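All of the numbers you see were taken from the coordinates with simple rules; none came from a lab. The shown structure was predicted, so the numbers you read here are calculated from the model rather than taken from an experiment. Cβ sites come from the backbone with ideal geometry, for glycine too, and all protein chains shown count toward neighbours.
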Amino acid sequence: LDRYIFVVLSQINIGKRLITREKERYGLASLCLHAGKKAALSSAFHIALVYLNLGIELLGDRGWQDQYDLTLALHNASAEMEMSKGNFEEVDRRVKDIVDRARTNLDRIQAQSTLLYSMGMIDRQQEAIDFGLVILASLGERFPKKLTKANLSAQAKTVRRLVSGKSNEQLLRMRDMVDPAKLASMRVLDVMFLNTLLVRPVLMPFVSYKMMKLTLVHGLSILSPTAFACYGLVCGTGLRDVEMAVRFGELAL
């Protein structure tokens, strides 16, 4: 089935109006999600979108009640493919649908992160940063109201204290980050960093320190290399600490 999944689904797409049993529609929608992800891995975004949208059509509005996780996954993947194709109005529409239907705040994060990426691609970086701050606040991660040198110095000292006494080997052997809210926060911060670097540099080191604190307190994630690299950049440019910059650049690699 996996080898011929695109052939199978192309035939099913032609006869989709004949599929009436809900169980069969749900099973096919799951296949559509698999096919969409498989096409996306080959950068075949148009093909991926065809099958993802077919899955959404098969589930219909009842999918949000009867097959919530599958419906959410299909909508999130579809929004990402729309972004990859540059269909930014469709991204906005799909994300709004997800945000309106999602059951929890964490269920909205993937769609909101896609929207953040989309904003950054069409010169809406300032708006993306403000939106990112709102998302982070909802996850319990707030920034100082005033981005003063004193606040920045306090953040820097906190990170230095958390790093102090830890060897590179100890940092790389930290436990895995498992808290969903912290993982979601790292994802949002990852998107925000480049935007702050481009249009709001005064906020950029605060974003870096936030990623480092989350990593050092809650553990390693797939985005910890980004945290290390960003911290190395701040050390090298803001703090003029070349040794620390090189250390965390190498840790990131």
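Computed from backbone phi, the HN-Hα couplings of the stretch 189-200 come to 4, 4, 5, 5, 4, 5, 4, 5, 4, 7, 10, 9 Hz, rounded to whole numbers (Karplus: 6.51 cos²θ - 1.76 cosθ + 1.60, θ = phi - 60°; Gly and Pro given as x). Rounded to two decimals, what is Rg over Rh for the chain when you use alpha-carbon atoms and the Kirkwood radius? My calculation puts Rg/Rh at 1.06. Rounded to the nearest 10 degrees, the angle from helix 149-163 to the longest Cα principal axis of the chain is 80 degrees.
For helix 125-138, what angle does its Cα long axis make with the longest principal axis of the chain, in degrees from 0 to 90 and rounded to 10? Around 90 degrees separate the two axes.
Could you compute the longest span of the chain free of trypsin sites (Lys or Arg not before Pro) located in DSSP loops and having at most 15 other Cβ atoms within 10 Å, not counting the site residues?
Working: sites that count: Arg3, Arg21, Arg62, Lys85, Arg103, Arg142, Lys145, Lys146, Lys166, Arg173, Arg175, Arg240.
The longest uninterrupted stretch comes out as 176-239.
The phi torsions of the stretch 226-242, fed into the Karplus equation with coefficients 6.51, -1.76 and 1.60 and a -60° offset, translate into couplings of 5, 4, 5, 5, 5, 5, x, 5, 5, 4, x, 9, x, 9, 6, 9, 5 Hz, rounded to whole numbers, with Gly and Pro shown as x.
In whole Å, how far is the Cα centre of the stretch 186-208 from that of the stretch 46-115? When both Cα centres are located, 26 Å separates them.
Electrostatic tally near Arg94: other residues with Cβ closer than 13 Å to its Cβ, Lys and Arg +1, Asp and Glu -1, net -2. Cα-based radius of gyration for the stretch 111-253, normalised by 2.2 N^0.38 Å, reads 1.00.
How large is the translational diffusion coefficient of the stretch 69-149 in µm² per second when you combine the Kirkwood radius over alpha carbon pairs with Stokes-Einstein at 20 °C and 1.002 mPa s?
In µm²/s, the coefficient is 161.
Pairs of Lys residues in the stretch 128-253 that lie 8 or more places apart, or on two chains, and have C-alpha atoms under 24 angstrom apart add up to 20.
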